[in-house]
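The values are calculated or read from the model by the stated rules, or taken from the named source; none is laboratory data. These numbers come from a predicted model, not from an experiment. So basically every Cβ, Gly included, is an ideal-geometry build from the backbone, and we count neighbours across all protein chains shown. The area values use the complete protein model at the heavy-atom level, side chains included, leaving out ligands, DNA and RNA. Shrake-Rupley method; radii C 1.70, N 1.55, O 1.52, S 1.80 Å.
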Amino acid sequence: MRMRAAVLEEFGAPLEVQELELAEPQAGEVLVRLEACGVCHTDLYTASGADPSGYAPTVLGHEGAGVVERVGEGVGLVQPGDHVVTLFSPQCGECIHCRSPKTNLCLAIREQQNKGYLPDGTTRLSRDGEPIRHFMGTSTFAEYTVMPEIALAKVSPDAPLDRACLFACGLSTGLGAAMFTAKVEPGSTCVVFGAGMVGLGAVAGCRLQGAERIVCVDLSEDRLELARGQGATDVMVGGDDTVDRILEMTDGFGADYTFEATGLVAVMAQAVEAARMGWGLCTIAGVAGKGETLDIVPRLLITGRRVCGSSFGGLKGREQVPQLVERYQRGDIDVDAFISHNLKLDDVNRGFELMEAQDGIRSVIRFS
Ligand SMILES: NC(=O)c1ccc[n+]([C@@H]2O[C@H](COP(=O)([O-])OP(=O)(O)OC[C@H]3O[C@@H](n4cnc5c(N)ncnc54)[C@H](O)[C@@H]3O)[C@@H](O)[C@H]2O)c1
Ligand SMILES: [Zn+2]
Ligand SMILES: [Zn+2]
């Protein structure tokens, strides 16, 4: 079939919306008609050329939600008409990581996905017979996509897809960092560094876990106001004295849980230092620049602080994305507050501009 998609032709240049061919889903694959897709930093990171593993041409986009149109041979997890959220982090359910409750990093299709191929080592995307590689196994800046069935989370048909799409990346990453990676305990004191999509999600996650005190740190007053809306009890403009101020607020001890959602190594260091002596857990969700390292004084660790990272909020996607969407539907998560702009596919580059200008939290592309 032919469909319209936003193609990254050249790093640093605007995406080009054009017609591509999309082949039928093969065994274990699913054709999804996209309804909505969020514009995330990772798309921009790759488009800019900063991502050392990036390649072009490719169709970007990974925060998608849509409806299953057709399925390939042997597909049993979804059927035509199902509403789905795309997963750049799949869940095969069978690999050693999927069978462990300790991680969500499924190993099944990793290698091919990172290279831009579907699990069988080929692509369904092409232009005039020339194959075009997929991106993050999703390529959702497009009217349609073909994805492995293990990379689709089936969500309630009642959930609006232009909201559900945020659970495909940023929002789930933040919520999950608090709920599934750190497993915040009720009554805790938490500090979240960064109030973008990921940090605001972490604030909401801390609230859902019953944290008593949630401090959010950012440079933008507007974003701190949004953090209050998500459940932050205290907000703070970040600076060199952030750690001292947090220690002051916590009788000199630091917070039970800290979260880093800025991608800046200096802030990661603050998040470690602001964690409580004895048992403070620092969860890092931000993606640092190439080659950057995190400096930690070992004494901080010996005296009981712990540091961990969180990819996609530790969510096992097929199981837990639908659960989070359900909580949204029950009114536990305010998704509307994150959606600042609705765009058409042709305006995808505008989505990048808004993000660079820090104008709003999320732009969502709607396909119909
Ligand atoms: N781990 C994952 O699976 C995953 C998934 C998605 C995104 N990410 C990463 O998470 C990070 C956050 O993503 P986002 O979409 O929320 O980004 P964002 O740019 O919207 O938010 C970052 C926030 O950090 C704030 N900030 C900057 N300097 C600060 C400082 N010194 N102190 C406190 N706050 C400061 C900014 O004002 C901004 O609001 C990025 O690095 C992104 O790449 C990780
Ligand atoms: Zn993302
Ligand atoms: Zn797996």
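A few points about this structure:
- Calculated from backbone phi, Karplus (6.51, -1.76, 1.60) coupling profile of the stretch 248-264 in Hz, x at Gly/Pro: 4, 6, 10, 6, x, 9, x, 8, 5, 9, 10, 9, 10, 9, 10, x, 9
- Taking Cα atoms only, the orientation of helix 317-329 departs from the longest principal axis of the chain by about 70 degrees.
- Amide hydrogen neighbours beyond the local backbone of L343, cut-off 5 Å, H modeled: V364, I365, R366
- 3J(HN,Hα) along the stretch 293-303: 10, 9, 8, 10, 6, x, 4, 4, 7, 4, 8 Hz, from the Karplus curve 6.51 cos²θ - 1.76 cosθ + 1.60 with θ = phi - 60°, whole Hz, x for Gly and Pro.
- As a calculated quantity, the FRET efficiency between E94 and K115 at R0 = 22 Å, using C-beta atoms, amounts to about 0.55.
- Rolling a 1.4 Å probe over the protein heavy atoms leaves E73 with an accessible area of roughly 150 Å².
- Within the chain, percent of DSSP bridges classed antiparallel, to nearest 5: 60 percent
- The simple spin-label model puts a point 7 Å past each Cα toward its Cβ; for R327 and S126 those points are separated by 4.4 nm.
- Solvent accessible area, Å² - I302, 1.4 Å probe, full protein context: 140 Å²
- Within-10-Å neighbourhood charge of C37 [Cβ basis; K, R +1; D, E -1]: -3
- Between P131, P298, P148, the residue with the greatest mean-square fluctuation in the GNM of the chain (Cα pairs under 10 Å linked by springs) is P298.
- When K102, K344, K290 are compared by accessible area of protein heavy atoms, the largest-first order is K102, K290, K344, using a 1.4 Å probe.
- Pairs of Cα atoms nearer than 8 Å and 6+ residues apart set the relative contact order; for the stretch 129-239 it is 20 percent.
- Amide H contacts under 5 Å for C282, placed H, 5+ residues apart: T258, R306, V307, C308
- Judged by the ratio a/c of the largest to the smallest principal axis of the C-alpha gyration tensor, the stretch 186-255 counts as oblate, that ratio being 1.5 or greater while a/b is no larger than b/c.
- Take C308: with every protein chain present and a 1.4 Å probe, its accessible area is about 40 Å².
- When restricted to Cα atoms, the stretch 303-368 yields an Rg and a Dmax of 16.3, 55 Å, respectively.
- Simple label model, 7 Å out from Cα along Cβ direction - R350 to E24, nm: 3.8 nm
- Rolling a 1.4 Å probe over the heavy atoms of the protein chains gives the chain an accessible area of 42 Å² per residue.
- Separation of the V287 and E16 label points, Cα + 7 Å toward Cβ, nm: 2.5 nm
- Overall, the accessible surface of the chain at a probe of 1.4 angstrom is composed of carbon and sulfur to the extent of 48 percent.
- Across K154/K290; K154/K183; K102/K344; K183/K290, pairs whose alpha-carbon gap is larger than 31 Å: K154/K290; K102/K344
- Net charge of the neighbourhood of P157, taken over other residues with C-beta under 13 Å away and scored Lys/Arg +1, Asp/Glu -1, is -3.
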